[in-house]
Amino acid sequence: MNGVTPENIIIRHYHPGDSISQLTALLHEAYGELARMGLRFLATHQDESVTLDRITSGVRTFVARQGEAIVGTLTLYGPYPASSTPWYRKPTVFHFGQFAVRPGLQGQGIGLQMLRLAEEEARTLGATELALDTAEPAEHLRQWYQRLGFRFIEYVQWDVTNYRSVILSKRLVGD
């Protein structure tokens, strides 16, 4: 699986040779605006061991590369029976996280292509819904996801954040 996006950016599956250091730095950079808003997303400050743990606990991680640089990432997770949110416990609900694109490359369709690949992968694995959580105060993110067909499901308060999150979800089958 390979995808080509603007500026010779290749999207492919993560493999163990990819730099966890680069991925962690990308997450910090991409989530920097949210940190400046006072929102303490895990990705704003996680260390490399957390990045690796989050990647390996997913069913698939996508990376966007421009030459040797990692400029985007998204991790897809399957159903999560131990989740504190009921929606993530549903057997046909997949969700994604660690979703980032280098700030200077945002708005060029890289994130959208990674998201479409995650939808396709989730559907192939039996998902009927693809969900995410984001900060309730991050109105710009909530609006972007809403334009992509995601709808509000519920609120959740994670123990690693300083804000209330919203769970948003999109139907993957039947419209």
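Data table
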{"item": "Candidates His13, His45, filtered to the one that is surrounded by fewer than 15 Cβ atoms within 10 Å (Cβ to Cβ), in contact with a His (Cβ under 9 Å, 6 or more places away or on another chain) and on the phi < 0 side of the Ramachandran plot", "result": "His45"}
{"item": "Scan of region 35-65 for residues that are within 13 Å of Val101 (Cβ to Cβ) and modelled with pLDDT under 95, ordered by number", "result": "Ala43"}
{"item": "Val173 being within 23 Å of Gly32 (Cβ to Cβ) and β-branched (Val, Ile, Thr)", "result": "no"}
{"item": "Those residues of region 130-151 which are part of a strand (DSSP E or B) and surrounded by fewer than 18 Cβ atoms within 10 Å (Cβ to Cβ), in sequence order", "result": "Arg151"}
{"item": "Elements of type helices (runs of 4 or more DSSP H) contained in region 1-110, each with 2 or more residues being among the hydroxyl-bearing types (Ser, Thr, Tyr)", "result": "20-30, 48-56"}
{"item": "Residue selected from region 89-125 under the condition out of contact with any helix residue (DSSP H, G or I) (no Cβ under 7 Å at 6 or more places or on another chain) and among the basic types (Lys, Arg), by the criterion surrounded by the most Cβ atoms within 10 Å (Cβ to Cβ)", "result": "Lys90"}
{"item": "Lone unmet requirement of (1) out of contact with any Lys or Arg (no Cβ under 7 Å at 6 or more places or on another chain); (2) buried (at least 17 other Cβ atoms within 10 Å of the Cβ) for Val71", "result": "(1)"}
{"item": "Residue within region 159-167 that is among the basic types (Lys, Arg), within 22 Å of Arg89 (Cα to Cα) and out of contact with any strand residue (DSSP E or B) (no Cβ under 6 Å at 6 or more places or on another chain) present", "result": "no"}
{"item": "Residue check for Phe99: at pLDDT 95 or above, closer than 27 Å to Tyr14 by Cα and out of contact with any Lys or Arg (no Cβ under 7 Å at 6 or more places or on another chain)", "result": "yes"}
{"item": "Subset of region 105-127 (residues that are in contact with a Phe, Trp or Tyr (Cβ under 8 Å, 6 or more places away or on another chain) and closer than 14 Å to Gly72 by Cα)", "result": "Gly111, Met114, Leu115, Leu117, Ala118"}
{"item": "Failed item in (1) surrounded by 14 or more Cβ atoms within 10 Å (Cβ to Cβ); (2) modelled with pLDDT of 95 or more; (3) small (Gly, Ala, Ser), with Ser165 passing the rest", "result": "(2)"}
{"item": "Candidate set: region 48-57, residues that are of a type outside the set (Asp, Glu) and surrounded by fewer than 19 Cβ atoms within 10 Å (Cβ to Cβ); chosen: the one nearest to Tyr77 (Cα to Cα)", "result": "Ser57"}
{"item": "Residue within region 159-170 that is of a type in the set (S, T, N, Q), touching a Ser or Thr at 6+ places or on another chain (Cβ under 8 Å), within 24 Å of Met37 (Cα to Cα) and not in a strand (DSSP E or B) present", "result": "no"}
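The values are calculated or read from the model by the stated rules, or taken from the named source; none is laboratory data. Only a predicted model underlies this, so the values are computations on that prediction, with no experimental measurement involved. All Cβ positions, glycine included, derive from the backbone under ideal geometry; neighbour counts span all protein chains shown.
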